[in-house]
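Participant: Submitted below is the structure of interest, expressed as structure tokens.
The values are calculated or read from the model by the stated rules, or taken from the named source; none is laboratory data. The structure displayed is predicted, hence computed values, not measured ones. Virtual Cβ from ideal backbone geometry, glycine too; neighbours counted across all protein chains shown.
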Amino acid sequence: MLASALVSIALLATTAFAAPPSRSARMESRLARRREGAHLSRPNQRLESSSLNGGNVSHVDYSSNWSGAVLSSGAGTYKAVTASFVVPTPKAPSGGSGTYSASAWVGIDGDSCETAILQTGVDFTVDGGSVSYDAWYEWYPDYAYDFSGIPIKAGDTITVTVTASSTKAGKAVIENVTTGKTVTKSLTSSSALCEQDAEWIVEDYEEGSSLVPFANFGSVTFSGASATTSSGSVGPSGSDIIDLRQSGTVLTSVSTTSSSVTVSYV
């Protein structure tokens, strides 16, 4: 009887070890990799540009990892960037299965100045029927690090802000307006900002040295979008418009107003 019970336990243990990891286990594994520094935003990987006519858009550029709007000016121009957005519910692209992610953030530098980026934002990930969100901060070329103490869910209104107090020091702030929770991180880096780019971006970021499969995030509108300069605040009107293109397919569509940037998955 005892031998029979031991055999049964052994069989159950073998089955457990042989079974594929659950969705929740895969999510926890992904979060563990993030905590170890797996998420890495990259400077804008620009492709070719194309002329457009009409509206407030002078041209659109293509990128393999960024989609959104970029203001570029002389060094020392931009001291802070902010915006608010409603957290979307990501889903797999049509016909897709597995894990897909995207990230919405604001930042200083990373386009015309590629040596450093001060940025903060929210990742959205879907794995089958499970959705997760991560609030993070990053001073590239270092990896992104997760904030703690700020739960996020679909439909929450999030305000994201980065401020450079100098070219090598600043802070990242994320406020969940819906819940009233705010987190702040003061940062320093040996990689100096140029302070010449201001951005409102949805990104296909890197994990494990390659781009993550890009999620269908629906639409993200950065409202109240502004960048602070020495002479006051400016909005995204007249920004360079960047659409994300991979394997010859354009995956996003971007529009701007004087105070907003809308990035839509297409």
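Participant: Return a yes/no flag: does segment 63-81 have any residue that is in contact (Cβ under 8 Å) with a residue 40 or more places away in the chain, in contact with a strand residue (DSSP E or B) (Cβ under 6 Å, 6 or more places away or on another chain), among the hydroxyl-bearing types (S, T, Y) and closer than 19 Å to G155 by Cα.
Facilitator: The answer is no, given that none of the residues of segment 63-81 is in contact (Cβ under 8 Å) with a residue 40 or more places away in the chain, in contact with a strand residue (DSSP E or B) (Cβ under 6 Å, 6 or more places away or on another chain), among the hydroxyl-bearing types (S, T, Y) and closer than 19 Å to G155 by Cα.
Participant: Output the number of residues of segment 122-143 satisfying the condition of being without any contact (Cβ under 8 Å) to a residue 60 or more places away in the chain, surrounded by 22 or more Cβ atoms within 10 Å (Cβ to Cβ) and more than 13 Å from G170 (Cα to Cα).
Facilitator: 2
Participant: Here's a follow-up. Checking the condition surrounded by fewer than 18 Cβ atoms within 10 Å (Cβ to Cβ) and within 24 Å of F124 (Cα to Cα), which residue from S219, S191, S231 passes?
Facilitator: S219
Participant: Tell me, which residue of segment 57-99 that is hydrophobic (A, V, I, L, M, F, W, C) and assigned to a loop (DSSP other than H, G, I, E, B) is surrounded by the fewest Cβ atoms within 10 Å (Cβ to Cβ)?
Facilitator: Only one residue tops the list, namely A75.
Participant: If you take the residues of segment 204-231 that are modelled with pLDDT under 95 and farther than 22 Å from L251 by Cα, which of them is farthest from the chain's Cα centre (by Cα)?
Facilitator: This residue is S231.
Participant: Quick check on my filter: what residues within segment 100-117 are part of a strand (DSSP E or B) and closer than 22 Å to A225 by Cα?
Facilitator: A102, S103, A104, W105, V106, G107, I108, I117, listed by residue number.
Participant: Follow-up question, since we're still on this one. One residue is enough: does segment 199-222 have a residue meeting the conditions more than 26 Å from A92 (Cα to Cα) and of a type in the set (G, A, S)?
Facilitator: no
Participant: Sticking with this structure for a sec: On the basis of being in a strand (DSSP E or B), loosely packed, with under 15 Cβ neighbours inside 10 Å and without any contact (Cβ under 8 Å) to a residue 24 or more places away in the chain, does S253 make the cut?
Facilitator: For S253, the condition - in a strand (DSSP E or B), loosely packed, with under 15 Cβ neighbours inside 10 Å and without any contact (Cβ under 8 Å) to a residue 24 or more places away in the chain - is not met.
Participant: Select the strands (runs of 3 or more DSSP E) contained entirely in segment 118-186, then report the ones holding at least 2 residues which are more than 16 Å from the chain's Cα centre (by Cα).
Facilitator: Where strands (runs of 3 or more DSSP E) fall fully within segment 118-186 and carry at least 2 residues being more than 16 Å from the chain's Cα centre (by Cα), they are 157-166, 169-176.
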